[in-house]
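We did not get these values from a lab; they are worked out from the coordinates using the rules stated. Computed from a predicted structure; not experimentally measured. Reconstructed Cβ throughout: ideal geometry from the backbone, glycine too, with neighbour counts over all protein chains shown.
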Amino acid sequence: MDYITVRGQAAAEVVIKKSRFIGQVFPVTDEGEALRLLEEIRTRHRDARHHAFAYRLGPAARVQRMSDDGEPQGTAGRPILELLQKQDITDALVVVTRYFGGVLLGAPGLVRAYGEAARGALAAAGRERRRELAVLRLTLDYTWLGKVQHALEEAGALTLDTRFTDRVEILTAVEPAAAEPLIQSLTDRTSGQLQAEPAGTQFVAQHV
């Protein structure tokens, strides 16, 4: 299963009617990490009135949480979560911290402000696609190294690791449907002198 997440941590700030809205984005992999980062933000910005947030977790985004943190219901956490949903982003936490400027914005104004801060932070963070690839462990004699490397390049396989001992061990990743054909091709090219075994799957990042 492929999914989209953020490339890294980022922040963006907007000021609307003297209120500061600081949007921050973090890549996260579980709720414990998300809650720890949220607590760090609350500590760092302890003078701020609100820390609205949303996060989605897992390749299928099975875990989704949001909070208005004291703002009127649906005006802070909801627009942040909807941005993550519309951009199909998961494994990410977005927090928007508000320093109140003394002027009430009303519900529509709050939705726009929280959405704008979150959108700016997400744009700064960038996105990447994580592709789930099949991993193969190849073991071969040095005699076949050049031919095998050429075959892997032709197949569009990614080389994850190469180890040189008395033999060569290559860890490579390909689309799941291409794994068996690749093993057969490598076996044929090395006259059956290559050992290939499945080694699970791995998510590999691609910019989008």
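List of remarks:
- Computed on segment 129-207, with alpha-carbon pairs under 8 angstrom and 6+ residues apart, the relative contact order is 53 percent.
- In this Cβ point-charge picture (+1 for Lys and Arg, -1 for Asp and Glu), segment 3-125 has a dipole of about 360 debye about its Cα centre.
- Fewest-first ranking of Tyr142, Tyr114, Tyr3, using other Cβ atoms within 10 Å as the exposure measure: Tyr142, Tyr3, Tyr114
- Whole-angstrom gap from segment 121-138 to segment 15-64, using each part's C-alpha centre: 22
- Using the Cβ-Cβ distance between Tyr99 and Thr29 with R0 = 30 Å, the FRET efficiency computed as 1/(1 + (r/R0)^6) comes to roughly 0.50.
- Angle between the chain longest axis and helix 77-86 axis [Cα atoms, degrees, rounded to 10]: 30
- Highest-fluctuation residue, Leu136, Leu57, Leu194 considered, GNM on the chain with Cα pairs under 10 Å: Leu194
- Of the Cα atoms belonging to segment 3-125, the radius of gyration and Dmax stand at 13.1, 41 Å.
- The chain: angle of helix 31-44 to the longest principal axis, Cα-based, in degrees nearest 10: 40
- All Cα pairs of segment 129-207, percent lying beyond 22 Å: 17
- Relative contact order [Cα under 8 Å, 6+ residues apart], the chain, whole percent: 25
- Overall shape of segment 40-87 was characterised from the C-alpha gyration tensor. The equivalent ellipsoid obtained from it has semi-axes of 22, 13, 8 Å, in decreasing order.
- Within the shell defined by Cβ-Cβ distances under 9 Å, the residues around Ile16 carry a net charge of +3, with Lys and Arg each +1 and Asp and Glu each -1.
- Going by neighbour counts of Cβ atoms within 10 Å, the residues His50, His150, His45 line up, fewest first, as His150, His45, His50.
- Virtual spin-label span in nm between Glu197 and Glu169, 7 Å along Cα→Cβ: 1.0
- Computing Rg and Dmax of the Cα atoms in Å for the structure here picks out one of (1) 20.3, 72; (2) 16.6, 52; (3) 23.5, 77, namely (3).
- Across Val25, Val111, Val103, mean-square fluctuation computed from a Gaussian network of the chain (C-alpha pairs under 10 Å connected) peaks at Val103.
- Between Ser191, Ser67, Ser19, the residue with the greatest mean-square fluctuation in the GNM of the chain (Cα pairs under 10 Å linked by springs) is Ser191.
- Residue order for Val148, Val15, fewest other beta carbons within 10 angstrom first, comes to Val15, Val148.
- FRET efficiency, Thr139 to Ser185 (Cβ-Cβ, R0 22 Å, nearest 0.05): 0.85
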